[in-house]
Amino acid sequence: MIAMPPVEAGADAGLVHVAEVSVAMGGRLGIHVATTPEHTNAALDDARRAADRVRAWARILSRHEPESRLTRLNRDPRPAVPVGPTLAAALDWGRDVGRRTGGLVDVAMLAERLAAEAGQAEVAPVSRDRTWSLRSRADGRPGGIVVRHRALGFDLDGVGKGWLADRALRLLDRYPGALVDGDGDLAIRVATGDRWEIGVADPRAAGDCLAVFVIDGARAGAGGVFGLATSGTSVHRWERAGTVGHHLIDPWTRRPAQTDVVQATVLAGSAAEAETWAKCAVLVGAAAGIDLLDRAGVAGAVLLMADGRAVALPRTTEWLT
Amino acid sequence: MSGRDYSVAQTGASVTPDTPGPDASAASASRPRPGARGPATRPGGAISVRSKPNPLPMRLAIGAGGIAALSALLVAIAGPTAARVDAVAGGNAAPTTDTPDFGPVRMIVRTVVLQPGQSAPDGSLVVPVATPAPKRQVRIVTCQSGICK
């Protein structure tokens, strides 16, 4: 991409929001740009280019694509497999997330995820050795070498969309503000004098919102970067052989988590962070989840519980209307 | 007295008074006066202790029993009086301090939504209902993947 000069906007310059909305990663992809009126056309062009890049990255990282780099890695019988820079960077983030969450988020649980989708009551142990590593390539080329037991499979669902949204946001650095919506996981940069209003969808009623977050440039500071992501069990849910399952796998039981949280929305410093902690909150339940989110230092969180109650971190109110 | 030595050992035990012997006149000459404490000589020089039981404890017991009986009678007589007064007055009597315990009181609140043009009943509490704020329209929504519109 050609380096372009930044679009300057004064503190009281009227910014306009332009948007490019399309489909990617099996859902909605929205690229929103806050720009001065005279740069709207350029902003729309850059938004479309950013959307194309996101789709290209998704084709590398999706396990649903039969020839994606991730699928080929999972199929490769060798114990050490070279991977390209995009997949290496995503797996590096996944490894980091595993460490920071104490193993609560584990990107190497493909077998368990597939078993849950198939409605299998018990998951056969894939391998006693669940450790894996990412090493630099000896030839100096970008990317890395993934070393793992050949039966260990990787799944970036639950960590990939936020990470992609953050990456796409950086493509729009020349604009005062931007927002990338990766199918509900949002990366946000807000300009001084600008604001983004984002609703938290109520999964029980289409079109209704549980809350509305306001990311205000005056409060967040110029160029403030945030992430807002939602995870839950009420959408990707199925019943097989009389067993109800969903896609969030508890790493300790290796089965869909038994939790009282239907949906968790987290506001954090990046979309990847927000997505990670939202998933954690669902996995551990409301009581432990609120404590976990508080200690993680997220900016705010709203949890919808199975009994219909909505609970939030107290400091969330600073960001709600 | 004949001058014989005698002594009296005074104890707390009751002493069975000597029954007069065949020669009562001779014994009576040396019998002590009624109520007096002191040695009594018996024919033959034997010494015995005579004392009447103290009537005071028995009198106190009888008195206390009488008072208790009288008190019970008074309570039985006075008890139904308050209820009868309430009944005669048609239930509008001033509340007494001795109200029976019927358990926790259940408060029943009846709420009525007033329609335009209606007025509230006397003594009722009118609570103004604020007009609900219109739903906020937002273009951007965070949601679980797959349902975002």
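The values are calculated or read from the model by the stated rules, or taken from the named source; none is laboratory data. Small disclaimer: the values here were computed from a predicted structure and weren't measured. Every residue, glycine as well, gets a Cβ built from its backbone with ideal geometry; the counts of neighbours run over all protein chains shown. Areas reflect the complete protein model, heavy atoms only, side chains present, ligands, DNA and RNA absent. Shrake-Rupley method; radii C 1.70, N 1.55, O 1.52, S 1.80 Å.
For the reader, a short list of remarks on this structure follows.
- Ranking A:L172, B:L74 from most to least accessible surface, computed with a 1.4 Å probe over the protein chains only, gives B:L74, A:L172.
- Neighbour cut-off at most 10 other Cβ (10 Å), DSSP loop, trypsin sites (Lys or Arg not before Pro), the stretch A:245-320: A:R309
- Cα-based helix-to-principal-axis angle, A:160-170 vs chain A, degrees rounded to 10: 30 degrees
- On Cα atoms only, tilt of A:286-296 relative to the major axis of chain A in degrees: 60 degrees
- A cut-off of 5 Å between modelled amide H atoms, ignoring neighbours fewer than 5 places along the same chain, links A:L156 with A:R63.
- Positive dipole terminus of chain A, leading residue within A:L179, A:W277, A:P77 (C-beta point charges): A:P77
- C-alpha long axis of helix A:85-100 to longest principal axis of chain A, angle in °: 80 degrees
- Anisotropy class assigned to the stretch A:165-294 is prolate, per the alpha carbon gyration tensor with a/c at or over the 1.5 cut-off and a/b larger than b/c.
- Rule-of-thumb Rg ratio for the stretch A:257-321 [Cα; 2.2 N^0.38 Å; N residues]: 0.99
- For the stretch A:265-321, relative contact order (Cα pairs under 8 Å, six or more residues apart, normalised by length) works out to 31 percent.
- Mean separation of Cα contacts under 8 Å, 6 or more apart, over the residue count of chain A: relative contact order %: 16 percent
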